[in-house]
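Accompanying notes for the structure given below.
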Amino acid sequence: MKIAQITDLHIDLDGEYPFNIDVRKNFLDILELVVKESPDHLVVTGDFCVENGLEEIYLWIRSHLELLPFPYDIIAGNHDDSVIMANTFEMEHFLKDDEFYFAKKIGRTHCLFLDTSKGFHSENQVKWIKRQLKSNTEDLVVFMHHPPLESGVPFMDKKYPLQDMKAIQKVFLNYPNNISVFSGHYHVEKTVVYKNITLMITPACYFQISQNTSEFSVDHHRIGMRMIELDGGMVYSTVRYLDGNSVV
Ligand SMILES: [Fe+2]
């Protein structure tokens, strides 16, 4: 089972180029690369919109995702509106209050798709996660926008971390088996392992952030996607890059 992950699209309105980056072309180029990798499934892990969740941006993204020859799933990031997003993608049946989270099997692997768009999980969502972990005994895959571990990226760890990181870690650490977490948000490529949690952070389709500075600094403008292969308990993962598109 091959899953592609892309993240942090930060799409703006048509004709807008945030930081002089052609974010729409970046997304279309990455999608082309995803198709070449011929995955069985695609997961887009949040921050679809440059600043705030807008229906017209979701509609544009959806119009391209619908053309893919394989199924896809989506979760929200802190630059998304979970309700507008779920409605625009006709996934409103997954809304619980104003959060958009769900579980499903991809192939034989049980996957959780969480909503950290507020920067934390509601109490109800944490209860739901605990119930999910209780009813499973096998290794799990979790897709969530924010990394649930400190990741050695000083700017993001200090300024924009998951606010209930410790609480969610405790829930994951109580699980008797392994949890592979695939996140975005930090705009870096990183793997962090802590006990039964293996966290893989996937680079953005926007720009990457320096892993050495506590102030905001761009590392580079290449854009990335991750391939994940799940095969009988093994988890293989590779990141592929393309040159990003700038306008001068
Ligand atoms: Fe984010």
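Just so it is clear, none of the values below were taken in a lab; they were calculated from the coordinates. Quick caveat, the model's predicted, so the values are computed rather than measured. Here Cβ is always computed from backbone atoms with ideal geometry, including for glycine, and neighbour counts include all displayed protein chains.
Limited to segment 205-248, what total is found for residues that are touching a strand residue (DSSP E or B) at 6+ places or on another chain (Cβ under 7 Å), of a type outside the set (A, V, I, L, M), surrounded by fewer than 21 Cβ atoms within 10 Å (Cβ to Cβ) and not in a loop (DSSP other than H, G, I, E, B)?
9
For GLY152, state whether it is within 16 Å of the ligand (Cβ to nearest atom) and either closer than 29 Å to TYR241 by Cα or not in a strand (DSSP E or B) (or both). Let's see the steps before the verdict.
On the way: within 16 Å of the ligand (Cβ to nearest atom): no; either closer than 29 Å to TYR241 by Cα or not in a strand (DSSP E or B) (or both): yes.
Criteria not met by GLY152.
Just wondering, is there one or more residues in segment 237-247 that are within 16 Å of CYS111 (Cβ to Cβ) and under 17 Å from the mean Cα position of the chain (by Cα)? Step through it out loud before you land on a result.
Of segment 237-247, the ones within 16 Å of CYS111 (Cβ to Cβ) are 237.
From what's left, under 17 Å from the mean Cα position of the chain (by Cα): 237.
There is at least one residue in segment 237-247 that is within 16 Å of CYS111 (Cβ to Cβ) and under 17 Å from the mean Cα position of the chain (by Cα).
Scan segment 48-100 residue by residue and report those that are touching a strand residue (DSSP E or B) at 6+ places or on another chain (Cβ under 9 Å), among the aliphatic types (A, V, I, L, M) and in a strand (DSSP E or B).
If the condition is that a residue be touching a strand residue (DSSP E or B) at 6+ places or on another chain (Cβ under 9 Å), among the aliphatic types (A, V, I, L, M) and in a strand (DSSP E or B), then ILE74, ILE75 are the ones that fit.
What about LEU112, is it more than 16 Å from the ligand (Cβ to nearest atom) and within 18 Å of the chain's Cα centre (by Cα)? Can you show your working first?
Values: more than 16 Å from the ligand (Cβ to nearest atom): yes; within 18 Å of the chain's Cα centre (by Cα): yes.
Spelling it out, LEU112 is indeed more than 16 Å from the ligand (Cβ to nearest atom) and within 18 Å of the chain's Cα centre (by Cα).
Which pairs do you get when a residue that is in contact (Cβ under 8 Å) with a residue 12 or more places away in the chain, found in segment 43-60, comes within reach of a residue that is more than 15 Å from the ligand (Cβ to nearest atom) and among the basic types (Lys, Arg), reach meaning Cβ atoms under 8 angstrom, with the pair 6+ apart or on two chains?
Cβ pairs passing all conditions: TRP60/ARG24.
Taking segment 160-180 as the region of interest, how many residues are without any contact (Cβ under 8 Å) to a residue 40 or more places away in the chain and outside any loop (DSSP other than H, G, I, E, B)? Full working, then the answer.
First pass over segment 160-180, keeping only residues without any contact (Cβ under 8 Å) to a residue 40 or more places away in the chain: 161, 165-166, 169-170, 172-173, 176, 178.
From what is left, the residues that are outside any loop (DSSP other than H, G, I, E, B) are 165-166, 169-170, 172-173.
Result for segment 160-180: 6.
So PHE182 clears everything in (1) over 14 Å from the mean Cα position of the chain (by Cα); (2) under 28 Å from HIS10 (Cα atoms) except one condition, right? Which one?
In the conditions (1) over 14 Å from the mean Cα position of the chain (by Cα); (2) under 28 Å from HIS10 (Cα atoms), PHE182 misses (1) alone.
What are the residues in segment 25-50 that are of a type in the set (D, E, K, R) and under 14 Å from the mean Cα position of the chain (by Cα), if any? Before the answer, list the steps.
Taking segment 25-50 as the starting set, the residues that turn out to be of a type in the set (D, E, K, R) are 25, 29, 32, 36-37, 40, 47.
Hit for segment 25-50 is ASP47, nothing else.
Can you pull out every residue in segment 185-204 that is part of a loop (DSSP other than H, G, I, E, B) and closer than 18 Å to GLU229 by Cα?
Taking segment 185-204 and keeping what is part of a loop (DSSP other than H, G, I, E, B), we get 185-189, 195-196, 202-204.
Hits for segment 185-204 are GLU189, THR202, PRO203.
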